[in-house]
1. Determine whether the stretch 52-75 contains at least one residue that is more than 20 Å from residue 21 (Cβ to Cβ) and basic (Lys, Arg).
2. Could you tell me how many of the residues in the stretch 75-120 are touching a strand residue (DSSP E or B) at 6+ places or on another chain (Cβ under 7 Å), in contact (Cβ under 8 Å) with a residue 60 or more places away in the chain and more than 18 Å from residue 26 (Cβ to Cβ)?
Amino acid sequence: VYFEARGEPLAGQFAVAQVVLNRVADSRYPDNICDVVFQNEDWRHRCQFSFACDGRSDQPAETRAWLMARTVAAFAALECARHTAGAATHYHAVYVRPGWADRLQRTAKLGRHVFYREGY
């Protein structure tokens, strides 16, 4: 949540956390949060969540945003807010256009991210 959405509105942060949890619940992805977040981390710029393989430090620099991201993640894990992005398993920033976006169903746009789910 911190690295992917710290500058987003709260709903956008929850939606990013929800994507991770939706993937954990989906048999096509790893079955725990850490493995989902760090899936393909050894593939530079080809991992599931860009911060995990961008080569930059993973040390949080903004204490307040780090604390908020941890709070969002904790509430999301407790399933207190799982409806912001629907059944989304994918998202991207509005300034990129990944090839897979046309093959998925858009579920929401929150802040600077667009969310998608597979299937119609």
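1. Yes, there is a match, as at least one residue in the stretch 52-75 is more than 20 Å from residue 21 (Cβ to Cβ) and basic (Lys, Arg).
2. The total comes to 2.
Residue by residue, here is whether (1) basic (Lys, Arg); (2) under 12 Å from the mean Cα position of the chain (by Cα); (3) over 23 Å from residue 11 (Cβ atoms) holds:
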residue: 28; (1), (2), (3): yes, no, yes
residue: 31; (1), (2), (3): no, no, yes
residue: 35; (1), (2), (3): no, no, yes
residue: 43; (1), (2), (3): no, no, yes
residue: 49; (1), (2), (3): no, yes, no
residue: 58; (1), (2), (3): no, no, yes
residue: 61; (1), (2), (3): no, no, yes
residue: 88; (1), (2), (3): no, yes, no
residue: 91; (1), (2), (3): no, yes, no
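Every number in this text was worked out from the coordinates using simple rules, so none of it is lab data. Just so you know, these numbers come straight off a predicted model, no measurement behind them. With ideal geometry, Cβ positions are generated from the backbone for all residues, glycine too; neighbour counts draw on all protein chains shown.
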